Amino acid sequence: MAASTLEASIDIDARPQDVWAVVADLKRMGEWSPQCRRMFVLGGVVEHGTRTVNVNRQGLLVWPTTAKVVEFVPNRTIAFRIAENRTVWRYEIEPTETGSRLTERREAPNGTSAVSQLLVKWVLGGNDGFEDELRKGIESTLARVKAAAEQSRTTV
């Protein structure tokens, strides 16, 4: 059975708006995520309701997904729902004394779709291995966002 939520957080030495500039630019997701290699933003502007076409990769396997931005609060939260498996990927930014805390969360409150479960089981190495890859991917994504936000942060 799939975990309903996978998440991790990282502290970033950058203002919330600097972190937001990185995570809300969905066209750059392939730079951060080891699994979601590309996001094509339909319509060009990222906002509530924006749709994307995504290219995912694990090893030699490549597969497409589509998503819709379901929450969009500038400098605070962006979340998108993957149509094919019903998961929601959420990025939340909180101000801290030294900058920001970014939390990445994969939510599946009602589980994933039957098709997704079959593909994970038979094509992507089983649920435990796939979720281990997702956990590692979340940590890697957060580290890459941290590096980008700290490098590009602006001074007050």
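General remarks:
- Against the conditions (1) in contact with a Lys or Arg (Cβ under 6 Å, 6 or more places away or on another chain); (2) at pLDDT below 95; (3) among the small types (G, A, S), A14 satisfies every one except (2).
- Being modelled with pLDDT under 95 and either more than 11 Å from the chain's Cα centre (by Cα) or of a type outside the set (D, E) (or both) holds for only one residue in T77, T112, and it is T112.
- In the stretch 1-104, counting only strands (runs of 3 or more DSSP E) that sit wholly within it, the ones holding 2 or more residues that are surrounded by fewer than 17 Cβ atoms within 10 Å (Cβ to Cβ) and without any contact (Cβ under 8 Å) to a residue 12 or more places away in the chain span 61-73.
- Of the residues making up the stretch 122-156, those that are at pLDDT below 60 and farther than 19 Å from R57 by Cβ are D128, T154, T155, V156.
- Residue within the stretch 86-108 that is of a type in the set (S, T, N, Q), modelled with pLDDT under 95 and within 11 Å of the chain's Cα centre (by Cα) present: yes
The values are calculated or read from the model by the stated rules, or taken from the named source; none is laboratory data. Everything numeric in this text was worked out from a predicted model, so none of it was measured. Methodologically, a virtual Cβ is constructed for each residue, glycine included, from the backbone with ideal geometry; neighbour enumeration extends over all protein chains shown.
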